[in-house]
Amino acid sequence: MDDLYRENILDHYKQPHNWGELADPDLEFEDFNPLCGDELKVQLKLDGDNRVEEVRFSGHGCAISQASASMASDEVIGMPVEELVRLDKSFILELLGIDISATRMKCALLSLKVLKGAGLGHEVEWESGTPEAAAPAGGPSEL
């Protein structure tokens, strides 16, 4: 089963959904993962009911950070901003569907951090329980 999830992650990494920038976003935020250098910017366009009408993200990073942004971007369309800012790490981890190591947890949760930052209009802390892991020491990146 993990292989199916891994294939889905690679598909989102290679062909990300909602990639790019909006001409006139209502909300936007960008942040980075200081452990590995992944960067992510999210832009949201809202409808009259304060729901996410359009979402775009851009940035660079590993397969986990970029795939989680792509997957999350699909899921938040139509979501009220009030609900978006209450999402927690289980939202992202369920989308990814595989066990995420401590060294990759911030990679996975960067998209959640920037989505919530956009919704709140300011930087947010990492989700509670996010490990303060050291950056991986070279070699091939873990998926």
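The values are calculated or read from the model by the stated rules, or taken from the named source; none is laboratory data. Keep in mind that what you see is a predicted model, and the values were worked out from it rather than measured. Here Cβ is always computed from backbone atoms with ideal geometry, including for glycine, and neighbour counts include all displayed protein chains. In case anyone asks, the SASA skips ligands and DNA or RNA and just uses the protein heavy atoms, side chains included. Shrake-Rupley method; radii C 1.70, N 1.55, O 1.52, S 1.80 Å.
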Per-residue accessible area for L93 at 1.4 Å probe radius, Å² rounded to 10?
50
If you line up the long axis of helix 105-120 against the longest principal axis of the chain, both from Cα atoms, how many degrees apart are they, to the nearest 10?
10
Estimated 222 nm signal from helices in the chain, with DSSP H stretches of n ≥ 4 weighted -39500 (n - 2.57), rounded to 500
-11500 deg cm²/dmol
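Can you give the FRET efficiency to the nearest 0.05 for L120 and D88, using r as the Cβ-Cβ distance and R₀ = 22 Å?
Working: r = 14 Å, r/R0 = 0.64.
FRET efficiency, L120 to D88: 0.95.
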At a probe radius of 1.4 Å, what is the per-residue accessible area of F57, in Å² to the nearest 10?
10
Segment 1-133 accessible area per residue, 1.4 Å probe, protein heavy atoms, integer Å², reads 49
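So how many Å³ per residue does the convex hull of the Cα atoms of the chain work out to?
On the way: hull volume 14.2 nm³, N = 143.
In the chain, the Cα hull volume divided by residue count equals 99 Å³.
Using only alpha carbon pairs under 8 Å that are at least six residues apart, calculate the relative contact order of the chain and give it in whole percent.
Details: 261 pairs, mean separation 38.2, N = 143.
About 27 percent, as a whole number.
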Calculate the dipole size of the chain relative to its Cα centre from +1 charges on Lys and Arg beta carbons and -1 charges on Asp and Glu beta carbons; express the result in debye to the nearest 20.
320
Using protein chains only and a probe of 1.4 angstrom, how many square angstrom of I77 are accessible, to the nearest 10?
80
In the chain the accessible area split gives carbon plus sulfur, as whole percent at 1.4 Å, a share of 47
Of S111, F29, G61, farthest towards positive along the dipole that unit charges on Lys, Arg, Asp, Glu beta carbons give the chain:
G61
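Expressed as a fraction of 2.2 N^0.38 Å, the rule-of-thumb size for a compact globular protein of N residues, what is the C-alpha radius of gyration of segment 1-77?
After normalising by residue count via 2.2 N^0.38 Å, the value is 1.15.
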Solvent-accessible ranking of W126, W19, largest area first, probe 1.4 Å
W19, W126
Could you name the lysines in cross-link range of K45, using Cα to Cα under 20 Å and dropping any fewer than eight places away on the same chain?
K113, K116
